[in-house]
1. Can you give me the long-range amide H partners of V103? Hydrogens built in the peptide plane at 1.01 Å from N, cutoff under 5 Å, separation of 5 or more residues or another chain.
2. For labels at H95 and Q254 in the simple 7 Å Cα→Cβ model, what's the distance in nm?
3. Roughly how many whole Å is it from the C-alpha centroid of the range 44-94 to that of the range 313-336?
4. Taking amide H positions as placed 1.01 Å from N in the peptide plane, with prolines and chain starts having none, which residues 5 or more places from V177, or on another chain, fall under 5 Å of its amide H?
5. Label-point separation (nm) for V168 and L295, each offset 7 Å from Cα along Cα-to-Cβ?
6. How large is ³J(HN,Hα) for each residue in the range 25-32, as worked out from phi by the Karplus curve 6.51 cos²θ - 1.76 cosθ + 1.60 (θ = phi - 60°), to whole Hz, x for Gly and Pro?
7. Which one, R94, R193, R14, has the greatest fluctuation when you compute a Gaussian network model over the chain with C-alpha springs under 10 angstrom?
8. How far, in nm, would the chain grow between H111 and Q26 when pulled straight, counting 0.36 nm per residue and subtracting the alpha carbon separation?
Amino acid sequence: MALVQAIVRVYQERALDPSGALAAAQIEPSLVSDTAQRISALQMERLSGHAMQELDDESLGWSRRRLPWGSYGMLIRSCLSAPTLGVALKRWCRHHGLICDNVALMLQIEHGQAAIVLREIEPLGHRREFCVVSLLRNLHGVACWLIDSRVALQGSDFPYPPPPHADVYPLLFPGPVHFCATPEGQPAQARLRLHPSYLDLPIRRDENALRQMLQRALPLQVLPYRRDRLLVRQARQAMLDRPDVTQNASRLAQALGLSVRTLHRQLQQEGTSVQALKGQVRQERAQALLERSALALKQIAAEIGFRNEKSFIRAFKQWTGQSPAAWRRQRQAGAAA
């Protein structure tokens, strides 16, 4: 309800009546002051859409300079010709600065991690939370839409203490969420952290798709995108980095920030399964250990999660058509030659 209160406050500051927007979202006015209340994603979509058009301001009050209806459609259109998501996000951040001057957006890439950063150029006061949440949620939704893929967040950082409704944040920003008050004298920054591999994905939308999307654009801001075109790569990497997650689908799903059902469904869409990936990762680790170490077969079997040496030998023959010992001898002979 804190997000509803922020929108109602804009109406009040402009001496306007919010009852039409509340009615469009089927929100009882008497409930707005109750911070314990919750609204549905559909209600938030209808409330925001009505208010943006009625106020002719897509920022809903947090931007010092009003953003007329259609401003964000214009920003998305400027990104369609970008070859990759990374280029599109840089364009978005640069062009956003042309229409809004009290916050700045930037794409940072350092130490093998990418981040979308929101920096406050001037204090936002009581508008801070609404600005940060709505602006970053919108940008994340647009990024997902541009590449037709979920952009998994490695973490989200917010420059203020946890609000009373902090439990809502993981619904809008799936993944680890961190709150921290900004030290005195330092610029307040919020950030969404993501794997840089997403930045290389190609833009999959065109003008036609944009026209269709703009007929009902608000779900991008309200509902997180589900499909993840990098999920197979991320699942394989998680299994390689953390052998414990290969024990069952539940552990793998938890490591990826997904439900077990969603993990199975999305892997099926990509033409694979948890079991198939588990076999591929085990094969890769087994071959690496056979080639680069002097470990006995029994030790390798235990290392990659087999109960005994016989099970490992049987599986290896299915993978390669050879026994582990024969495969190792062949690789050693090839290296010596």
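1. Hits under the 5 Å cutoff: I121.
2. So the label points at H95 and Q254 sit 4.3 nm apart.
3. If you average the Cα positions of each part, the centres end up 57 Å apart.
4. Those lying under 5 Å, H to H, from V177 are S156.
5. 4.9
6. Once rounded to whole Hz, the list reads 9, 6, 10, 5, x, 5, 8, 4.
7. So, out of R94, R193, R14, the one fluctuating most is R14.
8. On the way: separation 85, 0.36 × 85 = 30.60 nm, distance 4.66 nm.
Once the chain is fully extended between H111 and Q26, it gains 25.9 nm.
Quick note: the coordinates plus some simple rules give every number you see, no bench work behind them. From a predicted model like this one, the values you see are computed outputs, not experimental measurements. A quick note on method: Cβ atoms are made from the backbone with ideal geometry, for glycine too, and the neighbour counts reach across all protein chains shown.
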